[in-house]
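First the structure, then my questions, so here it is.
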Amino acid sequence: MTYPRTQGSTTDWTRMDDAAFRAAVREFFARHYPENLRYASARLRLDEVRDWYATLSEHGWIAPSWPQEYGGMGLDPGKHVIFVEEQEAHGVARVPDHGIIMVGPLLIQEGTDEQRARYLPRILSGEEIWCQGYSEPGAGSDLANVRTAAVRDGDDYIVNGQKTWSTLAQDGTHMFMLVRTDQDAKKQEGISFLLVDMTTPGITVRPMKTLAGHEEFCEVFFDDVRVPAANIVGEVNRGWSIAKALLTFERLFLGSPKLAQSALSRLGTLAVLTGQNDDPVFRERFAGLEMDVADLNALYRHFSGIVKAGGKLGPDISLQKIYGTETFSRIADAIVEIAGTGAMIGGRAPLGDDGFDVLAAFYNARPATIYGGTNEIQRNIVATAVLDLPRR
Amino acid sequence: MTNLSEDRRMLVDSARAFAERHLSPDLTRKQQLPAGYDPTLWSGLAELGVPAMLVPEDMGGLGLTLSDLAAMLTELGKPLLPLPVVPVAFATLALVHGADKDLRERLLPAIAAGEALPAVAWQEQLAGLPGTTVATTAQENGDRWQLTGTKSMVLPAADWTGLIVLASDGGEQGLFWVEGDAAGIATEPLAGPDDSLSATVTFEMAEAIRLPGGRDVFDTALAGATLLASAELLGLIHGAMDLTLDYLGTRKQFGTAIGAFQALQHRAVDMHLARVLTGCSLETALEEAECATTSADRLRAASRAKARASASALQVTKEAIQMHGGIGFTDEHVIGRYLKRALVLQAWLGNAAEQRRRYAAMSRPRSTETTA
């Protein structure tokens, strides 16, 4: 099995010390990342980041955490955290990365040789772009309640149902999805992981506009969609435990201080633009938020320290998701508040050289406390799995 | 594991053993005249080496760090600590950094042995952190000085070996040492809600010597004491939280343990988050303060930790009372001791709002974009 890569394939990153690695990553982003895409306020679409995807791919940097034998950088968790930190510090936008973050690790761990050979190289090259099919109208926070059915028919499964909140599914060539393969089993049992080509007949994708006005996620309808049985990942009816494992690591990154940090600097900018920088009431409020962000960084250091040391994150990682997103939300509120009637302007208000989008952070803060498991679900998890409080 | 963290673990274990054997929230019920603490209990803590921790090794101390003492204080604070560990550490830091050789040699070994009891007298008004002016005056008189003025919230409240006093010589602020038995000192004890004692101390031409260190040394010592008070608050938060989690798991209403109710679960998670944040905030602030090169940077780090610890302690102890219900408001239940101790510790050396104001004065939002 060979994996395409034009450069960097021989670099053994694991032998580099952390400081040198950080410097190398920083230098790479500074040299290659397009200046006009730094600190994008909304999720970028595939056509905007395709060139950047290609650049990462050519240098062998597209899949930081995959083992080198599969074409990744082979970073240990500690170096991966450094990679992400530098990415965030430089304001590097996410590429459509479900293939990299979810499907790759999933196939490397649970897939067959045939599946790995078929899919991994095309993820690395950007030829195939993956989207996620988890949530359904009746399975949001209660994800184990998925109803989309896959019924065996010869060598195929026939899929019927509906997925929703599939981020950028309109750009996806493939979907990894949770389907119910046993209608009679208990809720968490009877769920399987299935890989689906989005060009298969019977699939309809309907993009939905968010409150912020972006077409960031989609509804996807399945009407007698025929999928080869060979596209099941792992064991049939054992998809739930695989999906759960994929969600834990996600929570560290969903709670990263990045959102709050950049909103805080936006708040500072707006205060200067509106002449409130010297107002003592504002100054005190700003200091409070500044300390919150510093403490959020301290919390992040605590959890990423566990990962860096090779440890396993426990259910208390939900605290990071809760505090990261709620701190971000408080800062977004402060931006709207000090903007006053600036909040009456959709898009860029006429402030400063480039204008100032008063509502961008406020809009972004809404889904942040919902996606990846609502903050209420995160609190349920901490209450029972960390504090050991009784279940009802 | 490094030797350092191995040593730290041993310190923490010894503090935990002391706390389990000798401390309990009920100990804080008895007002300890005249100084506000039990001398026998203090001797026990001295045998553990606690007052010696910040004293350099060549002065008979252990020469350990703020982080080491903070780790011990967190353990000692869990069952509540009716002993002046932080006030004495505050004075120790001022003497280590600001006293001349004679005074250091006389006092530091005695402090390390738990025999000397110094206090810092800096505060003049009930509210606010030390500002740019000080009303207490120091007048030069030969090779000595005479202090006149009133200081409030002095801890411990009596029995001092001596007092380190922040005063103005008319031009700049300095630190002065007044012997505990000097003439011209009048004290008035004030009882705290937790039955602790502080003193209002009036100096009337009290004889003093001037320490070489001035306001800068005072600020460094204040930053250290503020961090240590935060560590004691962290211990208190753990103690109150653990009692409350026990109660949520055992108290039954409507046929179920009340901890099964989601409304209480979510609030308990917010209490836990406050506790975890306080720990992370303190750990990073201690590192910042220990690496800092100016007293201003040390104070800035200390303000962040104390703001977090003070706010978290009030949040957790108020929620603890609410979750205990009616029994939580009775004097006989121990959970109330945590609320009362939290009130005192969150206020001492500056509450969350005061820390936020100081932090604000040290930083200013700046535009990150190029604007006119």
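Looking only at region B:345-360, decide whether some residue is touching a Gly at 6+ places or on another chain (Cβ under 9 Å), closer than 26 Å to A:GLN378 by Cβ and either open to solvent by less than 10 Å² (accessible area, probe 1.4 Å) or of a type in the set (Gly, Ala, Ser) (or both).
Yes, because at least one residue in region B:345-360 is touching a Gly at 6+ places or on another chain (Cβ under 9 Å), closer than 26 Å to A:GLN378 by Cβ and either open to solvent by less than 10 Å² (accessible area, probe 1.4 Å) or of a type in the set (Gly, Ala, Ser) (or both).
I'm told A:ALA117 meets every condition in (1) in contact with a Leu (Cβ under 7 Å, 6 or more places away or on another chain); (2) modelled with pLDDT of 90 or more except one. Can you identify the failing condition by its number?
(1)
Within region A:334-346, work out how many residues are more than 28 Å from the chain's Cα centre (by Cα) and more than 14 Å from chain B (Cβ to nearest Cβ).
Within region A:334-346, the first condition is being more than 28 Å from the chain's Cα centre (by Cα), and the residues that meet it are A:337-345.
Within this subset, residues satisfying the condition of being more than 14 Å from chain B (Cβ to nearest Cβ) are A:337, A:339-345.
Adding up the residues that qualify gives 8.
Can you name the strands (runs of 3 or more DSSP E) wholly within region A:96-205 that have at least 1 residues being open to solvent by 20 Å² or more (accessible area, probe 1.4 Å), closer than 16 Å to A:ARG238 by Cα and without any contact (Cβ under 8 Å) to a residue 40 or more places away in the chain?
The strands (runs of 3 or more DSSP E) meeting that bar are A:149-153.
Right, another one. Are any residues in region A:323-346 crowded, with 17+ Cβ neighbours inside 10 Å and of a type in the set (Asp, Glu), and if so, which ones?
A:GLU326
B:ALA35 is checked against (1) surrounded by 15 or more Cβ atoms within 10 Å (Cβ to Cβ); (2) at pLDDT 95 or above and fails just one. What number does that condition carry?
Unmet for B:ALA35, out of (1) surrounded by 15 or more Cβ atoms within 10 Å (Cβ to Cβ); (2) at pLDDT 95 or above: (2).
Can you tell which of A:THR384, A:THR341 is closer than 19 Å to B:ARG267 by Cβ and among the polar types (S, T, N, Q)? Break it down stepwise before answering.
Details: A:THR341 fails: closer than 19 Å to B:ARG267 by Cβ.
Of the residues listed, the single one that is closer than 19 Å to B:ARG267 by Cβ and among the polar types (S, T, N, Q) is A:THR384.
Which residues, counting only those in region A:374-392, are open to solvent by less than 20 Å² (accessible area, probe 1.4 Å) and in a helix (DSSP H, G or I)?
Answer for region A:374-392, where residues must be open to solvent by less than 20 Å² (accessible area, probe 1.4 Å) and in a helix (DSSP H, G or I): A:ASN375, A:GLN378, A:VAL382, A:ALA383.
Still on this structure, I have one more. Kindly provide the set of residues from region A:231-250 that are open to solvent by less than 10 Å² (accessible area, probe 1.4 Å) and either at pLDDT below 90 or over 30 Å from A:THR200 (Cα atoms) (or both), ordered by number.
Once the filter is applied, which keeps residues that are open to solvent by less than 10 Å² (accessible area, probe 1.4 Å) and either at pLDDT below 90 or over 30 Å from A:THR200 (Cα atoms) (or both), region A:231-250 yields only A:ALA243.
Identify the single condition in (1) within 12 Å of another protein chain (Cβ to nearest Cβ); (2) in contact (Cβ under 8 Å) with a residue 24 or more places away in the chain that A:ALA287 does not satisfy, given that it satisfies every other one.
(2)
Further question: Tally time: how many residues in region A:251-278 are more than 9 Å from chain B (Cβ to nearest Cβ), open to solvent by 40 Å² or more (accessible area, probe 1.4 Å) and either farther than 18 Å from A:ALA339 by Cβ or of a type in the set (A, V, I, L, M, F, W, C) (or both)?
Of the residues in region A:251-278, 4 are more than 9 Å from chain B (Cβ to nearest Cβ), open to solvent by 40 Å² or more (accessible area, probe 1.4 Å) and either farther than 18 Å from A:ALA339 by Cβ or of a type in the set (A, V, I, L, M, F, W, C) (or both).
Please work out which residue is farthest from the other protein chains (Cβ to nearest Cβ), limiting yourself to region B:211-231 and to residues that are part of a helix (DSSP H, G or I) and open to solvent by 10 Å² or more (accessible area, probe 1.4 Å).
The first filter runs over region B:211-231 and keeps only residues part of a helix (DSSP H, G or I), leaving B:215-231.
Okay, now just the ones that are also open to solvent by 10 Å² or more (accessible area, probe 1.4 Å), so B:215-217, B:219-220.
On the way: B:ARG215: 23, B:ASP216: 23, B:VAL217: 26, B:ASP219: 18, B:THR220: 21 Å.
Out of the qualifying residues, it is B:VAL217.
Looking for whichever is polar (S, T, N, Q), in contact with a Cys (Cβ under 8 Å, 6 or more places away or on another chain) and not assigned by TED's automatic domain parsing to the domain that holds A:ARG43 here; the options are A:GLN170, A:GLN183. Which one fits?
Every option except A:GLN170 fails the conditions.
Among the candidates B:LEU81, B:LEU69, which residue alone is touching a residue at least 12 places away in the same chain (Cβ under 8 Å) and outside any loop (DSSP other than H, G, I, E, B)?
B:LEU69
Another question, if that's okay. Can you pull out every residue in region A:51-74 that is of a type in the set (Gly, Ala, Ser) and farther than 14 Å from A:ARG116 by Cα?
A:ALA54, A:SER57, A:GLY60, A:ALA63, A:SER65, A:GLY74, listed by residue number.
This table checks each residue for (1) touching a Leu at 6+ places or on another chain (Cβ under 9 Å); (2) modelled with pLDDT of 95 or more.
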residue	(1), (2)
A:THR327	yes, yes
A:ALA334	yes, yes
A:ILE338	yes, yes
A:ASP353	no, no
A:ASP357	no, no
A:ALA360	no, no
A:ALA365	yes, yes
A:THR384	no, yes
A:ASP388	yes, yes
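Something else about it: Can B:LEU286 be described as open to solvent by less than 20 Å² (accessible area, probe 1.4 Å), aliphatic (A, V, I, L, M) and more than 14 Å from chain A (Cβ to nearest Cβ)? If you could, list the steps in order and put the result at the bottom.
Working: open to solvent by less than 20 Å² (accessible area, probe 1.4 Å): yes; aliphatic (A, V, I, L, M): yes; more than 14 Å from chain A (Cβ to nearest Cβ): no.
No: the conditions fail for B:LEU286.
Being open to solvent by less than 10 Å² (accessible area, probe 1.4 Å), among the polar types (S, T, N, Q) and more than 13 Å from chain A (Cβ to nearest Cβ) narrows it down to one of B:THR317, B:THR330, B:THR294, so name that one. First the steps, then the outcome.
Numbers: B:THR330 fails: open to solvent by less than 10 Å² (accessible area, probe 1.4 Å); B:THR294 fails: open to solvent by less than 10 Å² (accessible area, probe 1.4 Å).
Among B:THR317, B:THR330, B:THR294, only B:THR317 is open to solvent by less than 10 Å² (accessible area, probe 1.4 Å), among the polar types (S, T, N, Q) and more than 13 Å from chain A (Cβ to nearest Cβ).
Specify the residue that is nearest to A:LEU246 (Cα to Cα); the eligible residues are those in region A:69-79 that are open to solvent by 30 Å² or more (accessible area, probe 1.4 Å) and modelled with pLDDT under 90.
For region A:69-79, the residue satisfying everything is A:PRO77.
What are the residues in region B:297-314 that are closer than 20 Å to B:VAL217 by Cα and open to solvent by 40 Å² or more (accessible area, probe 1.4 Å), if any?
Residues satisfying the conditions are B:ASP297, B:ARG298, B:ARG300.
Of all residues in region B:119-148, which are part of a strand (DSSP E or B) and open to solvent by 70 Å² or more (accessible area, probe 1.4 Å)?
Scanning region B:119-148 gives B:GLN139, B:GLU140, B:ASN141, B:ARG144.
What are the pairs, 6+ residues apart or on separate chains, where a residue within region B:22-43 that is under 12 Å from B:PRO156 (Cα atoms) has its Cβ under 6 Å from a residue that is in a loop (DSSP other than H, G, I, E, B) and at pLDDT below 90?
The qualifying pairs are B:ASP38/B:GLN32.
Evaluate the following for B:GLY336: is it at pLDDT 95 or above, open to solvent by less than 40 Å² (accessible area, probe 1.4 Å) and over 25 Å from B:ALA268 (Cβ atoms)?
Answer is no for this residue.
A further question on this structure: Sort through B:ALA157, B:ALA91 and tell me the only one that's within 28 Å of B:ALA307 (Cβ to Cβ), in contact with a Leu (Cβ under 9 Å, 6 or more places away or on another chain), assigned by TED's automatic domain parsing to the domain that holds B:LEU33 and open to solvent by less than 40 Å² (accessible area, probe 1.4 Å).
Just a single option satisfies the conditions, and that option is B:ALA91.
Take the residues in region A:357-373 that are in contact (Cβ under 8 Å) with a residue 40 or more places away in the chain and either in a loop (DSSP other than H, G, I, E, B) or at the interface with chain B (Cβ under 9 Å from one of its Cβ atoms) (or both); name whichever of them is surrounded by the most Cβ atoms within 10 Å (Cβ to Cβ).
A:VAL358
If you check A:ALA349 against the conditions, is it free of Cβ contacts under 8 Å to residues at least 12 places away in the same chain, open to solvent by less than 30 Å² (accessible area, probe 1.4 Å), within 11 Å of chain B (Cβ to nearest Cβ) and farther than 21 Å from B:ALA268 by Cα?
In short, no.
Moving on. Any residue in region B:249-264 that is buried (at least 19 other Cβ atoms within 10 Å of the Cβ), closer than 30 Å to B:ASP26 by Cβ and within 22 Å of the chain's Cα centre (by Cα)?
no
Moving on to the next point. When only residues in region B:244-283 that are part of a helix (DSSP H, G or I) and farther than 29 Å from A:LEU296 by Cβ count, which is nearest to the other protein chains (Cβ to nearest Cβ)?
Top of the filtered list is B:ALA260.
The values are calculated or read from the model by the stated rules, or taken from the named source; none is laboratory data. Quick caveat, the model's predicted, so the values are computed rather than measured. Neighbour counts are summed over all protein chains in view; Cβ atoms, including those assigned to glycine, are modelled from backbone coordinates with ideal geometry. The accessibility values were calculated without ligands, DNA or RNA, using every heavy atom of the protein model including side chains. Shrake-Rupley method; radii C 1.70, N 1.55, O 1.52, S 1.80 Å.
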